[in-house]
Each structure stands twice: as structure tokens, then as C-alpha cells.
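The numbers here are math on the coordinates, done by the rules we state, and not lab data. Only a predicted model underlies this, so the values are computations on that prediction, with no experimental measurement involved. Using ideal geometry, Cβ is built from the backbone for each residue, glycine included, and neighbour counts are taken over all protein chains shown.
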Amino acid sequence: MISWRSTWSIYTRELMRFLRTAFQSVLAPVLTTSLYFIVFGAAIGGRMPDLGGVDYGAFIIPGLLMLTLLGETTSNSSFGIYMPRFTGTIYELLSAPVGVAETLLGFVGAAMTKSLLLATIILVTARLFVDYSIVHPVLAVLYIMLVASAFSLFGFILGIWADNFEKLGIIPMLFLTPLTFLGGTFYSIDMLPKPWDTIALANPIVYLVSGLRWTFYGSSDVDIAVSFAITLGFLAFCVAVIAYIFRTGWRLRA
């Protein structure tokens, strides 16, 4: 049976850590997003045609939101589990009467809360630069929470795998961010010439950006069912990996 008190303790601890680094966790993404809107939305967007009937400045909002969410969720989650390993306080968690379910619910719940907060701030910031509307607001919230859950678990795995600070930043900086930029953040896959439009579909981030864009405007490069299926599949894969890690103690008890 799940101990909700243990889950709440882990959840509040992660949120407090997020609030202690509010300048880096909140202000930095907002400033970065504002710069993107100034450069791409205002300077370039005025010369770009509408994409699928959507103004270019509004078109890039889901992509910028996904760009920030993936980076911040993965980094926060990986750092949150890496530091207890680095300082040795992870043994307090391992020796406590806390199961895998409580640990995951606490970490993932905090990640979803932080992601929704960031998404809200970014959307409010975007309103200062461009007018937009969300066709499916409930689905947008659910999809953001789903993506946040998946990449929170992915960051959890990354934080356990990394044995130094350099490895902690390799995946987000060298793989996740470039894939997001190439995943249709600032353009539609349909704009690419052949065979690059087909090759782009090998990038998994394309499906995440397209899924969120569909919840905003009702249209996307990829079918929404495929986007949801890939996101759920990645979430299930991460859950299986973490269950294996806790069962075997890989890199946790070393």
C-alpha cells in the first residue's frame, strides 16, 4: 500500500529545492523565451507566411514551450537525485520505509507541478509578444503533464547513471537540446524538402512538439494518436528502467 505521507515528504522537498533556485529555474527560462520571441517572433515572424493558418509568432509557442520543459524537467530531476548520491544522503532514502512507488510519485509529482508553473509563466510571457489561443486547453495541460512525467523519469535515470557533473550535462546539452531544435520547434516538417521531411520523422522530439502543437491549434505534422502513443511508450520504458534500478540497486548502493 502506498504511503502518501512519504510521497508528500518527497514531493515537498523537491518543490522547496525548486523554489530555492527560483532565479535559475524560473527567471532564466522566461528571459530566454522572451529573447526567442523578440528574434524569431518579432524580427523574423513578420516576414514569414502563416503556417496552417496560424501566425508564425503563435506557431512557435508550443515548440518553445517544449524546448524549455524538456530541458528544465530533465535537468531538475537529474540534479535532484544526483546530489543525494554525491553527498551520500541517498542512503537515508534507501534505508527509510519508502518504496519505489512513493519515490517516483514524489519526484514525478514535483516535476509536473514545476512544469505546469513554468508553462504558465511562459504562456503569460508569450502573451506580451503575440496573440494566440488554445483550442484544446484541457488536453494541453494533460499532455504537458505527461511529457513532464516522462522526462522527469528520464532525468531520474540520467542522475543515477552519471558519476560526475560532466556526464550530468552531456545528454541535455549534446543530444536533447539539438534534437529539440531540429524537431520542428521553429518550423513545420512539411516545409523541409525531400528526403529531409522523412528523415526528420526519425527524431522522437518531432512527435512531442507536434502533439503539443495539436492541442494548441488542432493541427500538426504528426497524427496526435501517434504522439500520445510514443510519449506513453517512453514513459512506460522509463518506469521499467527505474523499477529495475531500485530492484538491483544499480549505482544506488555502490
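Just a few scattered comments:
- Applying 0.36 nm per residue to the separation of I38 and D190 and subtracting their alpha-carbon distance, the gain on full extension is 52.3 nm.
- Angle between the chain longest axis and helix 100-127 axis [Cα atoms, degrees, rounded to 10]: 30 degrees
- Cβ-Cβ FRET estimate between K167 and V135, R0 fixed at 35 Å, reported to 0.05: 0.30
- With contributions of -39500 (n - 2.57) from each DSSP H run of at least four residues, the per-residue ellipticity at 222 nm computed over the chain stands at -22000 deg cm²/dmol.
- Backbone HN-Hα couplings from phi across the range 191-208 [Karplus 6.51/-1.76/1.60, Hz, Gly and Pro as x]: 7, 7, x, 6, x, 5, 5, 6, 4, 4, 5, 6, 7, x, 5, 4, 6, 6
- Across the range 4-248, the mean sequence separation of Cα contacts (distance under 8 Å, 6 or more residues apart), normalised by length, yields a relative contact order of 27 percent.
- Which of L128, Y143, G155, positive extreme of dipole for the chain (C-beta unit charges): G155
- The simple Förster model, with R0 at 41 Å and r as the Cβ-Cβ distance, assigns V100 and A202 a FRET efficiency of 0.80.
- Relative to the dominant Cα principal axis of the chain, helix 137-161 is inclined by about 50°.
- When the alpha carbon coordinates of the chain are projected onto the principal axes, the ranges are 59, 37, 36 Å, largest first.
- Reducing the range 144-177 and the range 76-135 to their Cα centroids gives an inter-centroid distance of 12 Å.
- Placing +1 on the Cβ of every Lys and Arg and -1 on the Cβ of every Asp and Glu, with nothing else charged, gives the chain a dipole about its Cα centre of roughly 740 debye.
- Using θ = phi - 60° and Karplus 6.51 cos²θ - 1.76 cosθ + 1.60, couplings along the range 16-26 (whole Hz; Gly, Pro as x): 5, 5, 5, 5, 5, 10, 4, 4, 6, 7, 10
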